[in-house]
Amino acid sequence: MQMFKRLDRTLVVVGALALVLAATPAGAQVFVQCPGDTNGNSVEDGGESWPANQQCFHLAAGDGFARMADGSPSYIFSFTDLNGLVSAPTSPTDAQGNTDAQNRVLEAGMLAAAWPAPTIVMYEGAEAYLTLTNVGMMIRPDLFDAHTVHFHGHPNMATVFDGLPESGLSINMGASLSYYYKITEPGTYMYHCHVEATEHMQMGMLGNLYVTPAQDGTPHSYDGKTYSQFVYNDGDGSTGYDRAYPIQLGSFDWDFHNASWTVQPLPFADMKDEYFMINGRGYPDTVIPGTMAAQPLDPDTGEDLNGPVDSQEVSSLITALPGERVLLRVSNLNVTTENTLMSPSIPMTVVGRDAKQLLNPAGDPLYYQTNSVTMGGGMSYDVMLDIPTTALSGETYFLYSSNLYQLANHDESEAGLGGMLTEIVIQ
Amino acid sequence: MKAMKYRNRRWLGVTLMAAALLVLAPVAEAAIDGITGTSFEFTAKEGYITTPDGGSIYCWGYSAQGTHSAHNDGRMQYPGPTLILNEGQTYTITLSNELPVPVSLIFPGLTVTAASGDVDGDITWEANAYDAGTEIAGTASYTFTADAPGTYLYHSGTNPKVQVEMGLLGVIVVRPATYDELDNRIAYNHADTAFGHEYLFLHTEMDPRVHQYYEFGMPTGMEWDNSDWWPVYWFFNGRAAPDDLLGSHVAWLPTQPYNLIPRAHPGDKVLMRVVGGGRESHPFHHHGDHALVIAMDGQLLDGDAGTPELDLAYQEFTMLVNPGQTMDAILDWTGEKMGWDIYGPPYYEVDQESGHICQDFFNNETGAIGSDGYADTEEQLCDPTSPTPCYPYEWCEDHGRAIPVLLPETQNLAFGAWWSGSPYLGSAGALPPGEGGLNPNSAYPFMWHSHKEKELTNNDIFPGGQLTMFFIEPHGVAID
């Protein structure tokens, strides 16, 4: 099975593209649906005129690699951001039904899965078009898996856009499916593929998704401070914040990922996660600002398994000034266990849960202070951290799973802190 | 898009055929299946349950005898009989024990006023183990008061870490004193707990190695290790998916009488009685819409009697169900604000000259004259069976709008078994041979499941476990 690891990446992509195209019937096509977008790149450019309040997204679904904090590579399935890539036909259709532009889109998505999946930010009032293109699994050409996007928590969903393959549609390799969402409710959601959910989610098809409120930009004063960014349309500034960070909890079972990589039976019953992560990284990688430069390397050859792609773009480093109010959009997409996320030194004020402002039916706030939130997969909390005005520049606070066995990357026992932990650094 | 031009009536023949094929999976009862009365005769028995992967697991469970023996033919059942009780009344359960170990009953959250038995055990009075030599069963008796309405768990109080795992548990539903099945369906003594349909979601799990140990008579050398417990089966109401989607009391699941097929029409209020019956926590995610959590552990989330609303109730889309806890929540899916008409745009309704209407003269909740954005209720003369139908709770702002995207061509799609062939509620569409078929009413099915996706398996096999489908049925489809 080492053969798969040793294949040259370019050969894999070119060969797999041929395989994907050969496996897809004529008429298959990459097809970005985004009204007004004439070149199919999901970006309003080149003199295009889009309807007002329209957002477009184009994701690829496929496979790739991520680097764990102990240096090990993990084979993953996930999504890739294809926004900006022209997909509209520019040349005659080939025998498979795709043009050169469409084939370039497929190639760009191949072996380029991001971990976590690209963060999706929508705004209240938007009409969102999300196109999903299945680029196939390069490392597993034996798989013909379809994919979906499940907008987890979207209020009043219909089956056609729910991304649940059992009650709806999923997209086969080499083609695109477009979802439409009218965005009416701000808050912290999440998204994931729902096809063969246990497998595809353990493999990493998980990402941050949140919706900003219409109240953004309208100043409201609360507790002596004036805010122009809010979690919800609170009317009183009580969900206002200075800075916001998406914090998605997740974890991997190394045995499962390795079995998938090496084409072995998948251990569902024995699934036990060992890499505990925030936004797709274990500590200390969590605090690397921006995109992670270190790459997943083949343990035998040292080859960069991701080729030119950077797969881990979402940092969890939280920086703030003394006195600032920091919003954590915490979501959990763990598939094997619950997590308790603790901020031991800076109390958390919980203002929202599951993409709803924490209000009772009479409209009164149910905000509460705590130092921890306990979350199973599929839950979200909007948590405020009020950085003490007395905090000093350079001070570091911690945010971590208080399920302490999760403070490790795989089998690290003596290596110090690792796993589901990140830092809040005062500027 | 061609596939979408069919209206359900045109597909009636297909629907009827599909429905005929599904008689083996009859519709769910909208009320929770259980037994009523003031006294109950339970026998703790051994038996086997089956799992969808072909497994057969030795279990211990409670069975209803005497006047309630018809409920499950006196057999051991997993879970035990669901007791539907009334607020303020006193109940007695006599327990006869045919198990090789002592057993008992406890009722967390309810007041036990009298208990007796063979032995005064650690927690409560216990019935002795069955004596195979003398053929004498142990006995015990418990009298308790259904103090307050709500959802409760009962289980064995004898070595519960083993006996609950083995199956000795069940659910108690206490109806408010003013509850009336026809006129006053309320979960608690509060108007905001009114519901149209109610369903039970009892979460349990099993490690079959524990069961094998007792099945083989507790042999030396085969002891199970409590610290090594590792479940590989997960259940709703005693059945692992997809068995929970079968009919209730089907003959081939004789010890697992309860199913779970939640169904509702748009705008109906669905009461979810969610119970953590095992050792693990389960994040229970209900696709489709948020729900309002109204109670925990039988306690209404109302901290201040001075306000009319439930002032501690909160909304969620995933409930963390912890061991031994119960949570009650209400969900009402309307399909509002999706930006398109879930009943289909007029041109699409080829059978109808004018298409459906969205009539909104009244506030659906208060009955006051004036628009509330939703099509009126049937009582307010929004008639889904009219030649020019009106669909209650349709979001009128979106009326007449088609879905804003084209669906891919058939060869590019993988189809779900519950896909009707159409994005519109109550409409079927053409599907390739062998696709679809489980959705004869062209409902909107949503998965309600543990979001700890590992639990969507049956002993290493996906899919299964804690998973069911919630059906938003088109108006006019009978649910009761």
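Structure notes:
- Selected residue (only one of B:GLY373, B:GLY426 is within 14 Å of chain A (Cβ to nearest Cβ), at positive phi and surrounded by fewer than 21 Cβ atoms within 10 Å (Cβ to Cβ)): B:GLY373
- Being assigned to a loop (DSSP other than H, G, I, E, B), open to solvent by 30 Å² or more (accessible area, probe 1.4 Å) and at positive phi is a property that holds for B:GLY434.
- Any hit, the stretch B:107-129, residues being assigned to a loop (DSSP other than H, G, I, E, B) and among the β-branched types (Val, Ile, Thr): yes
Yes/no matrix, rows are residues, columns are (1) under 23 Å from A:ALA117 (Cβ atoms); (2) acidic (Asp, Glu):
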position	(1), (2)
A:PHE31	yes, no
A:ASP37	yes, yes
A:SER42	yes, no
A:ASP45	no, yes
A:ALA52	no, no
A:HIS58	yes, no
A:GLY62	yes, no
A:PHE65	yes, no
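- Going through (1) over 22 Å from A:ASN208 (Cβ atoms); (2) facing chain B (nearest Cβ under 7 Å); (3) of a type in the set (Lys, Arg) one by one, A:ARG140 falls short only on (2).
- Criterion (within 30 Å of A:ALA269 (Cβ to Cβ) and among the aliphatic types (A, V, I, L, M)) met by exactly one of B:LEU425, B:LEU413, B:LEU407, B:LEU456: B:LEU456
- B:VAL275 fulfils the conditions (1) in contact with a His (Cβ under 7 Å, 6 or more places away or on another chain); (2) more than 12 Å from chain A (Cβ to nearest Cβ); (3) open to solvent by 20 Å² or more (accessible area, probe 1.4 Å) except for a single criterion, (3).
- Taking the criterion of being in a loop (DSSP other than H, G, I, E, B) and within 14 Å of chain B (Cβ to nearest Cβ), the residues of the stretch A:364-419 that qualify are A:ASP364, A:LEU366, A:TYR367, A:GLY376, A:GLY377, A:GLY378, A:MET379, A:ASN403.
- Reported count of residues in the stretch A:35-50, each being open to solvent by 10 Å² or more (accessible area, probe 1.4 Å) and either aromatic (Phe, Trp, Tyr) or under 21 Å from A:HIS192 (Cβ atoms) (or both), is 1.
- Residue in the stretch B:169-177 that is within 17 Å of B:THR94 (Cβ to Cβ) and part of a loop (DSSP other than H, G, I, E, B) present: no
- If the condition is being in a loop (DSSP other than H, G, I, E, B), at negative phi and open to solvent by less than 20 Å² (accessible area, probe 1.4 Å), then the stretch A:89-105 contributes A:ASN98, A:THR99.
- B:VAL112 being open to solvent by less than 10 Å² (accessible area, probe 1.4 Å) and closer than 30 Å to B:ASP302 by Cα: no
- Condition broken by A:ASN53, with the remaining ones in (1) buried (at least 20 other Cβ atoms within 10 Å of the Cβ); (2) within 14 Å of chain B (Cβ to nearest Cβ); (3) at positive phi satisfied: (1)
- Put simply, of A:PRO246, A:PRO267 the only residue that is in contact with a Phe, Trp or Tyr (Cβ under 7 Å, 6 or more places away or on another chain), open to solvent by 10 Å² or more (accessible area, probe 1.4 Å) and part of a strand (DSSP E or B) is A:PRO246.
- Among residues of the stretch B:323-337 being within 12 Å of chain A (Cβ to nearest Cβ) and within 17 Å of the chain's Cα centre (by Cα), the one that is most open to solvent (accessible area, probe 1.4 Å) is B:ASP332.
- Checked against (1) away from every other protein chain (no Cβ under 14 Å); (2) open to solvent by 10 Å² or more (accessible area, probe 1.4 Å), B:PHE235 meets all criteria but (2).
- The stretch A:333-356, residues that are at the interface with another protein chain (Cβ under 10 Å from one of its Cβ atoms) and within 14 Å of A:ASP273 (Cα to Cα): A:LEU333, A:ASN334, A:VAL335, A:THR336, A:THR337, A:GLU338
- Taken together, the criteria exclude A:GLY163 from residues that are over 30 Å from B:ILE461 (Cβ atoms), within 19 Å of the chain's Cα centre (by Cα) and within 13 Å of another protein chain (Cβ to nearest Cβ).
- Residue selected from the stretch B:376-411 under the condition in contact (Cβ under 8 Å) with a residue 40 or more places away in the chain and at positive phi, by the criterion nearest to the other protein chains (Cβ to nearest Cβ): B:TYR393
- Filter pass, B:PHE446 being at the interface with chain A (Cβ under 9 Å from one of its Cβ atoms), part of a strand (DSSP E or B) and under 28 Å from A:VAL335 (Cβ atoms): yes
- Matching entry among A:GLY307, A:GLY290 (being touching a residue at least 24 places away in the same chain (Cβ under 8 Å), open to solvent by less than 30 Å² (accessible area, probe 1.4 Å), of a type in the set (Gly, Ala, Ser) and in a loop (DSSP other than H, G, I, E, B)): A:GLY307
- Qualifying residue in the stretch A:224-243 (condition: among the hydroxyl-bearing types (Ser, Thr, Tyr), within 14 Å of another protein chain (Cβ to nearest Cβ) and closer than 20 Å to A:ALA61 by Cα): no
- Taking (1) within 8 Å of chain A (Cβ to nearest Cβ); (2) of a type outside the set (S, T, N, Q); (3) surrounded by 21 or more Cβ atoms within 10 Å (Cβ to Cβ); (4) in contact with a Ser or Thr (Cβ under 7 Å, 6 or more places away or on another chain) in turn, B:ALA414 satisfies each apart from (3).
- Selection status of A:HIS194, assigned to a loop (DSSP other than H, G, I, E, B), under 15 Å from the mean Cα position of the chain (by Cα) and crowded, with 23+ Cβ neighbours inside 10 Å: yes
- If only residues of the stretch A:312-332 that are hydroxyl-bearing (Ser, Thr, Tyr) and in contact with a Ser or Thr (Cβ under 8 Å, 6 or more places away or on another chain) are counted, the one that is nearest to the other protein chains (Cβ to nearest Cβ) is A:SER331.
- From the options A:LEU82, A:LEU59, residue that is free of Cβ contacts under 8 Å to residues at least 60 places away in the same chain and buried (at least 18 other Cβ atoms within 10 Å of the Cβ): A:LEU82
- Residues of the stretch A:352-379 classified as open to solvent by 10 Å² or more (accessible area, probe 1.4 Å), farther than 19 Å from B:ASP289 by Cα and not small (Gly, Ala, Ser), total: 9
- Within the stretch B:286-307, the set of residues being open to solvent by 20 Å² or more (accessible area, probe 1.4 Å) and in contact (Cβ under 8 Å) with a residue 60 or more places away in the chain comprises B:ASP297, B:GLN299, B:LEU300, B:ASP302.
The values are calculated or read from the model by the stated rules, or taken from the named source; none is laboratory data. It should be emphasised that the depicted structure is a prediction, and the values quoted were computed from it without experimental measurement. We place every Cβ from the backbone using ideal geometry, glycine too, and count neighbours over all the protein chains shown. Heavy atoms of the whole protein, side chains included, go into the accessibility calculation; ligands, DNA and RNA do not. Shrake-Rupley method; radii C 1.70, N 1.55, O 1.52, S 1.80 Å.
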